[in-house]
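The values are calculated or read from the model by the stated rules, or taken from the named source; none is laboratory data. None of the values given here were measured: they were computed from a predicted structure. Neighbour counts are summed over all protein chains in view; Cβ atoms, including those assigned to glycine, are modelled from backbone coordinates with ideal geometry. All accessible areas refer to the heavy atoms of the entire protein, side chains included, with ligands and DNA or RNA removed. Shrake-Rupley method; radii C 1.70, N 1.55, O 1.52, S 1.80 Å.
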Amino acid sequence: MSSQNFDDARAFWAEMIPGDTISLLGKKQEIDAEINGLTLGDLSLVYANFGDCDVHIQSSESESNSLYLLLPMHGTGHCKHLGQEFELSTDQGLIRDMRRPLSATELQFATLGVSIPIDKLERHYRLMVENTASQIKLDFDCRLDLGSEAGRHLRNTMTFIANSFDGVMDGSGNAKIVDQFQDFLLTNTLLSLPNFNADIDRQLAKTVAVPHYVKRARDYIQAHADQSITIETLVEHAGCSYRTLQRAFGNVYDMAPMTYLKTVRLERAHEDLMNASHGETITDIATRWGFTHLSRFAKSYVKQYGVLPSETLRHRD
């Protein structure tokens, strides 16, 4: 939707985010609204830009059992939610509990947001941490740190998804791609929750002892990821058959040894892209870590990090 009529924009927003009431701050402001929505399975991605004007958003309690993650793309704002009061900016977004009241001002704001059913997030949580409990408490701070690694990945993931539809956010596209994007968003959302990584650590602490031959293979991969590593090499350093190593690796890390090697190399490439010097290219870094086919490297990188290598390189420190 694109409109310079405030009543049209307000009505359209109310359809996108039921329960929200929008008002202009100031009588002589001119609105130039652009609102796009994209459905990804059970998730809804929303881009909103009200132009060079200031707006106030008010909502009351709702029966909507979902979270809404709001990422400012430009502009500033102020928010009151869940007993907290804080500023909104490109460095600090909002995890909004749609069941609870909200009051916010947005000054020349453009935002990218995603609505996620809480039960969908809980199911994904169980999948990630192998938690079978019927009741899960997802703790979260409504202030979303977009300067953290998890926050940057979340922003990059959402931006990548929006850009993948070439600006035509109409929900069409390949079902497999939609499922993959949905997984990206759910995983990155969980990574932003303070209790998630602690639960992963507790889960790992409860696992069976790692076999010594798995440790030897794992440590060799970590120390020699920049070198040629074959199945024969791993078997030699592990001191067992590859089938035994593969089965044990799967039990411990839920992946084969060579897949683990690829994951480690992607992690090292990611670190180098984040800290690349000016003039250093994606080809240089990919080749350094054994990726000679750039399109396959990019595909694997997106699968692991939710963004293209070029996006990481562009936003390096």
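A compact table of results
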item	result
Neighbours by Cβ (under 9 Å, 6+ apart or cross-chain): first from region 120-133, more than 17 Å from residue 68 (Cα to Cα) and open to solvent by 40 Å² or more (accessible area, probe 1.4 Å); second outside any helix (DSSP H, G or I) and at pLDDT 60 or above	126/136
Unique residue being at pLDDT 80 or above, among the hydrophobic types (A, V, I, L, M, F, W, C) and over 26 Å from residue 312 (Cα atoms) when the list is 136, 118	118
From 229, 200, residue being modelled with pLDDT under 90, open to solvent by less than 70 Å² (accessible area, probe 1.4 Å), β-branched (Val, Ile, Thr) and within 24 Å of residue 309 (Cβ to Cβ)	229
Search result, residues across region 23-35 that are modelled with pLDDT of 85 or more and either over 22 Å from residue 101 (Cα atoms) or not aliphatic (A, V, I, L, M) (or both)	23, 32, 33, 34, 35
Candidates 54, 7, 20 - the one that is at pLDDT 85 or above and open to solvent by 60 Å² or more (accessible area, probe 1.4 Å)	7
Strands (runs of 3 or more DSSP E) enclosed by region 81-130 - at least 1 residues per element that are more than 25 Å from residue 159 (Cβ to Cβ) and of a type outside the set (A, V, I, L, M)	84-88, 102-117
Index of the failed condition, residue 239 passing every other in (1) at negative phi; (2) exposed (fewer than 15 other Cβ atoms within 10 Å of the Cβ)	(1)
Counted residues, region 20-42 - those being farther than 19 Å from residue 1 by Cα and either under 24 Å from the mean Cα position of the chain (by Cα) or touching a residue at least 60 places away in the same chain (Cβ under 8 Å) (or both)	3
Subset tally (residues that are closer than 24 Å to residue 186 by Cα, open to solvent by 10 Å² or more (accessible area, probe 1.4 Å) and assigned to a strand (DSSP E or B)) for region 26-41	3
Residue selected from region 262-317 under the condition in a loop (DSSP other than H, G, I, E, B) and closer than 22 Å to residue 163 by Cα, by the criterion most open to solvent (accessible area, probe 1.4 Å)	315
Scan of region 158-188 for residues that are β-branched (Val, Ile, Thr) and at pLDDT below 80, ordered by number	161, 168, 177, 178, 187
Residue identified as out of contact with any helix residue (DSSP H, G or I) (no Cβ under 6 Å at 6 or more places or on another chain), assigned to a loop (DSSP other than H, G, I, E, B) and of a type in the set (S, T, N, Q) among 62, 44, 23	62
